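Accompanying notes for the structure given below.
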Amino acid sequence: MKPLETLKTAVANSFRSKLRTTLTILAIFVGAFTLTITNGLGTGISNYIDNQVAAVGPSNAFTVTKTDTSGTPGSGPRKYDPNNRVLAAGVRPGSTELALNQSDLDKVAAVPGITGVSPVNRLNPSYIQWGNNDKYQLSVSPLAGAQPQLAAGDGLDDAGNQPQIILPTTYINPLGFPGNSQAVGQDVTIGIQDATGAMHTVTARVQGVEDNALLSAGGAFANKTLTSALANAQNTGAPAALKDTWTAATATFSPTSKAGITEMKSRLADAGFTAQTLEDRIGTVKTVINGIIGVLDAFAIIALLAAGFGIVNTLLMSVQERTREIGLMKAMGMGSGSVFALFSTEAAFIGLLGSVIGSAAAIALGTAVSSALARGPLSDLAGLKILTFAPGPVAGVVLLVMAIAFIAGTLPAWRAARQDPIESLRYE
């Protein structure tokens with residue numbers, strides 16, 4: 001029997017017992033529906049987290065700090081070293097935060113794999129103001145490769161000479177702007193105190209407005225020109241030694257494997273530095289989400305396995321009912337392989353029907369629910385599509401269900417293929 005003929009016969013035979021086949025398809029439907037929904041949930045949340053991570057910083061960069069070994073229980077106080085400048089108390093009791101200097105930056109840059117090093121300035125602006133409107137407190141972060149999601153405007157230009165800033169959308173109305181788009185292109189004044197307490201002002205152009213974001217700290221993003229201007233103003237009157245010290249540095253590296261990243265971390269540790277990627281700092285969030293999605297997928301797989309037993313039952317009953325027919329087909333020259341292929345194709349076809357219907361229903365319902373949530377309870381999380389259905393994963397669900405159905409059909413198909421034609425023709 002040719003493959004096309006086998007397929008046509010299998011499709012026709014699948015609906016001989018419409019009720020039994022329909023119930024089996026419904027069982028597969030439940031599993032495929034659940035698996036598609038959980039798959040869409042994982043894709044939607046993962047995409048959102050990836051976008052939020054990109055808004056915080058680049059994936060190919062280390063945040064480098066000087067390793068502090070003080071504060072270890074029982075180690076006693078650290079011996080004074082005039083080459084180490086202490087900036088502030090560290091996060092551990094008794095520990096300190098050590099400053100980086102130009103020599104440290106050079107050491108980091110010399111590590112194989114590092115493509116660039118830039119110091120991170122700790123900026124403490126006093127206020128931001130537009131025109132003669134009220135002043136508001138402000139925190140500023142250097143761009144450092146971050147790609148904030150924008151409600152209006154464009155990204156920052158780190159290569160230009162114009163001081164630029166991206167404001168959170170929560171600042172727009174308080175500063176007096178009519179809306180996000182109207183704020184773009186306007187000049188704002190940032191006040192910052194120097195080491196002597198004198199106030200300096202720096203003018204910056206509003207380049208864009210950051211949309212509400214899950215990982216946003218509520219601060220503004222500044223390009224390199226604005227960062228340098230604010231740092232220079234803040235360091236006015238400070239000793240020369242303080243101007244060349246920094247809390248941390250951003251070290252970029254070329255895309256590499258996890259082994260390569262681990263090797264660079266090891267080299268930096270040997271040089272006395274602690275290096276963390278963005279994945280190190282917030283990767284736990286994705287791990288938890290992936291764990292939850294994995295549990296939901298496990299329940300869907302269990303439902304599909306239960307549906308697999310339904311397929312076994314359906315086809316075993318079909319084999320029993322069609323014993324004389326199988327004997328006749330084999331007596332007319334159909335080989336055991338063709339009989340096996342016929343019943344296996346029936347199983348795969350039933351799996352295809354259940355998975356396609358289940359996935360289509362999941363996509364239709366999930367898209368409607370996702371849109372409703374985006375307009376309602378999740379409207380504050382701009383860009384979040386809680387359920388996102390990509391073609392690849394959906395096709396994977398269909399193929400997985402068909403594979404389970406095919407495997408479930410092998411026992412009945414094997415039983416049919418082994419039947420003796422003479423005994424089958426005598427079957428009552």
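The values are calculated or read from the model by the stated rules, or taken from the named source; none is laboratory data. All values derive from a computational prediction rather than experimental measurement. All Cβ positions, even for glycine, are placed from backbone atoms using ideal geometry, and neighbour counts span all protein chains on display.
Among the residues of region 371-428, write down those that are at pLDDT 75 or above, β-branched (Val, Ile, Thr) and part of a helix (DSSP H, G or I).
Val394, Val397, Val398, Val401, Ile404, Ile407, Thr410 - these are the residues of region 371-428 that are at pLDDT 75 or above, β-branched (Val, Ile, Thr) and part of a helix (DSSP H, G or I).
Counting only residues that are part of a helix (DSSP H, G or I) and either at positive phi or modelled with pLDDT under 90 (or both), how many does region 154-176 have?
Number satisfying all stated conditions: 2.
Could you tell me which of the residues Lys79, Lys107 is at pLDDT below 85, charged (D, E, K, R), farther than 22 Å from Ile190 by Cα and more than 25 Å from the chain's Cα centre (by Cα)?
Lys79
Going through region 371-415 one residue at a time, which ones are farther than 30 Å from Ile350 by Cβ, touching a residue at least 12 places away in the same chain (Cβ under 8 Å) and out of contact with any Asp or Glu (no Cβ under 9 Å at 6 or more places or on another chain)?
Result: Leu373, Ala374, Asp380, Leu381, Leu384, Lys385, Ile386.
Scan region 198-213 and tell me whether some residue there is at pLDDT 90 or above, of a type in the set (Lys, Arg) and over 26 Å from Thr67 (Cβ atoms).
yes
Working only within region 185-197, note down all residues that are modelled with pLDDT of 85 or more and either touching a Cys at 6+ places or on another chain (Cβ under 7 Å) or more than 16 Å from Lys135 (Cβ to Cβ) (or both).
Residues satisfying the conditions are Gly185, Asp194, Thr196, Gly197.
I need a count of the residues in region 397-414 that are buried (at least 23 other Cβ atoms within 10 Å of the Cβ) and within 28 Å of the chain's Cα centre (by Cα).
So the answer is 2.
Applying the selection to region 14-41, what residues are over 19 Å from Ser355 (Cα atoms) and of a type outside the set (Lys, Arg)?
Matches in region 14-41: Ser17 only.
Here is a yes/no grid of residues against (1) touching a residue at least 60 places away in the same chain (Cβ under 8 Å); (2) crowded, with 21+ Cβ neighbours inside 10 Å; (3) not hydroxyl-bearing (Ser, Thr, Tyr):
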| position | (1), (2), (3) |
| --- | --- |
| Ala110 | no, no, yes |
| Pro148 | yes, yes, yes |
| Tyr171 | no, yes, no |
| Gly176 | no, no, yes |
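For region 241-278, how many residues meet the condition of being over 19 Å from Ser141 (Cβ atoms), modelled with pLDDT under 80 and in a helix (DSSP H, G or I)?
3
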